[in-house]
1. What pairs from LYS97/LYS164; LYS46/LYS126; LYS51/LYS126; LYS15/LYS51; LYS46/LYS97; LYS126/LYS164 go past 21 Å between their alpha carbons?
2. Indicate the gyration tensor shape class of the chain (rounded, prolate or oblate), computed on the Cα atoms with a ≥ b ≥ c the square roots of the eigenvalues: a/c under 1.5 is rounded; otherwise a/b larger than b/c is prolate and the rest oblate.
3. Would you mind checking the range 219-250 for residues with the amide N under 14 Å from a putative spin-label position 7 Å along Cα→C-beta of SER63?
4. Measuring from label point to label point, each 7 Å out along Cα→Cβ, what is the GLN89 to LEU239 span in nm?
5. Got the relative contact order for the range 25-155 handy, in percent, Cα pairs under 8 Å and 6 or more residues apart?
6. So if I take the centroid of the Cα atoms in the range 53-70 and the same for the range 178-250, what is the distance between those two points in Å?
7. How large is the Kirkwood hydrodynamic radius of the range 1-78, counting all unique pairs of alpha carbons, in Å?
8. Per DSSP H run of n ≥ 4, the term is -39500 (n - 2.57); total these for the chain, divide by its residue number, and report the mean residue ellipticity at 222 nm rounded to 500 deg cm²/dmol.
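Rule-based calculations on the coordinates, nothing more; no lab input. All figures in this text were calculated on a predicted structure; none of them were measured in a lab. So basically every Cβ, Gly included, is an ideal-geometry build from the backbone, and we count neighbours across all protein chains shown.
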Amino acid sequence: MMNESIILEVQGLTKRFGHIQALDGVSLEVRAGAITAIVGDNGSGKSTLIKILSGNLRPDSGSIHIGNKTCPGLTIPQAISLGIRTVYQDLALDNYKNSVDNIFLGSELMQGPFLNRRAMRREAEKLLADIHVAIPDLTEPVASLSGGQRQGVAIARALRRPGKLLLLDEPTAAMGIQESHSTLEMLAGLRQRGMTQLIVSHNLHQVFALADYVYVMRSGRVIAAAATGDTTAQRLPELILRRESEAEGL
Ligand SMILES: Nc1ncnc2c1ncn2[C@@H]1O[C@H](COP(=O)(O)OP(=O)(O)O)[C@@H](O)[C@H]1O
Ligand SMILES: [Mg+2]
């Protein structure tokens, strides 16, 4: 039986691309209402893990436990029906479309044979207001928005249909300090509203302040795990070294 507060648990996930072992036995858990961060350098397997949890990739082995379901892998519709919502690293926005159209991309509201533009606009305004993202002109193509605003559009789209776990892959990548700050505040606000999040980042210090739990990945493995309340970002390298020396039997 899974602990009730754990809403997602993965065990021993492996994934290989040709001769690259992208995931090499990853186990972790996600607690309801908390922010769990996964940090690691580029190439450590973070996005591969996110893609497995969102149903975009099938693991070679291992298992995923979510709700009262245990499965070897997920399809995208399964992940969605289990309440998993994903904001991908590249955001997957259509740059030429405006914020409203991007939020409703592929799930437009219709009125008979016509788009219900008024309803979509109203709902988009509400979704963006809920996450405190200010976009003065919703008819402007998203290409002209700031990184933080674009992230807001991607999150609003992910949350359009209520979910219970939000996966975010590098939400502040390629953002300046100010924008990163407002994006992190947006995620903290979502947490306050009870939204469980699994956030991937290559910036330990940035997510440490935000997260409740941190997993450190390297070369497809989890090499350290800690509750942020029990340690400091400065001490995490020690935990990593300890793990490594244990693994070597030192
Ligand atoms: N579709 C793919 N085909 C081949 N190699 C891949 C593919 N996706 C990821 N990889 C490789 O797997 C490793 C982990 O990649 P990734 O999960 O994207 O890491 P991260 O997100 O931590 O930067 C890297 O070596 C990467 O080059
Ligand atoms: Mg990545």
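1. Values: LYS97/LYS164 28 Å; LYS46/LYS126 32 Å; LYS51/LYS126 28 Å; LYS15/LYS51 11 Å; LYS46/LYS97 29 Å; LYS126/LYS164 19 Å.
Beyond 21 Å between Cα atoms: LYS97/LYS164; LYS46/LYS126; LYS51/LYS126; LYS46/LYS97.
2. On the way: a/c = 2.01, a/b = 1.60, b/c = 1.25.
It is prolate, given that a/c is not under 1.5 and a/b is the larger ratio.
3. Label zone hits: none.
4. Output for this residue pair reads 2.3 nm.
5. Details: 117 pairs, mean separation 25.6, N = 131.
Once normalised by length, the contact order is 20 percent.
6. With the range 53-70 and the range 178-250 each reduced to a Cα centre, they are spaced 22 Å.
7. On the way: mean 1/r = 0.0773 Å⁻¹.
Evaluated over the range 1-78, this radius sits at 12.9 Å.
8. On the way: 8 runs with 78 residues, N = 250.
Value at 222 nm, helices only, nearest 500: -9000 deg cm²/dmol.
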